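The values are calculated or read from the model by the stated rules, or taken from the named source; none is laboratory data. These numbers were taken from a predicted model, which means no experiment stands behind them. Accessible surface areas use protein heavy atoms only, side chains included; no ligands, DNA or RNA. Shrake-Rupley method; radii C 1.70, N 1.55, O 1.52, S 1.80 Å.
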Amino acid sequence: DYDYIIIDTAPTLGFSMIAPLTASDYVVLVTTPEAYSIIGIEQTLDVIDSVKRQNSVLSNPKNTEILGIVVSKVEINTNVAKYFIEEISKFAEKSNIRVFEDVISKNIKIPETQALQKMITEYDPLSSASLAYFNIALTIDEIIKKTRIKDKL
């Protein structure tokens with residue numbers, strides 16, 4: 001028994017993303033504050049809509065909910081990052097999608113944890129990245145629980 005199963009897909013629009021979307025009730029989009037990030041988000045949203053339509057043909061319509069956008073690999077004190085985060089936020093507002101307040105800052109500890117096959121929350125629990133991931137996880141849990149309560153009412 002699991003409360004959540006998280007499937008972290010490669011940043012591609014191919015089958016390796018479509019298959020998990022078919023099984024998913026919720027999606028969190030992860031992007032970086034770069035020039036083509038909004039285009040990538042738009043393309044991902046198109047794929048999600050396509051998967052929803054395919055599911056409705058194959059079975060009951062699936063209402064995969066987009067929980068929000070996480071901005072990752074952020075160089076916090078740069079004007080470029082601030083600019084693109086603002087652009088992502090404007091796009092998200094128009095699309096009625098939440099952008100998580102916590103961003104994942106660019107941090108050498110993250111690649112180190114990947115090499116050691118450890119979680120950042122275990123490797124460096126007090127880092128800004130650990131705290132941001134923790135806060136994002138809490139927010140996701142809260143959103144899903146509220147949705148489930150509404151569905152029961």
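How many times 2.2 N^0.38 Å is the alpha carbon radius of gyration of the chain? Show your work: numbers first, answer last.
Working: Rg = 16.4 Å, N = 153, 2.2 N^0.38 = 14.9 Å.
Rounded to two decimals, the normalised Rg is 1.10.
Regarding the stretch 1-40, what are the three Cα extents along the principal axes, ordered largest first, in Å?
Over the stretch 1-40, Cα extents along the principal axes are 41, 20, 14 Å.
Residues of the chain: accessible area per residue at 1.4 Å, in Å²?
Result: 70 Å² per residue.
What part of the accessible area of the stretch 1-122, given as a whole %, is carbon or sulfur when the probe is 1.4 angstrom?
51
If the convex hull of the alpha-carbon atoms of the stretch 69-153 is projected onto planes in all directions, what is the mean projected area in square nanometres?
With every direction weighted equally, the projected area is 7.0 nm².
Quickly estimate the mean residue ellipticity at 222 nm for the chain, helices only: each DSSP H run with n ≥ 4 gives -39500 (n - 2.57), and the total goes over all residues, rounded to 500.
Per the formula, -17500 deg cm²/dmol.
Could you give the length gained on full extension between residue 126 and residue 87, defined as 0.36 nm per residue of separation minus the Cα-Cα distance, in nm?
Extra length available between residue 126 and residue 87 comes to 11.1 nm.
Inverting the mean 1/r over all pairs of different Cα atoms, compute the Kirkwood radius of the stretch 28-118 and quote it in Å. Before the final figure, lay out each step's value.
Working: mean 1/r = 0.0681 Å⁻¹.
Roughly 14.7 Å, rounded to one decimal.
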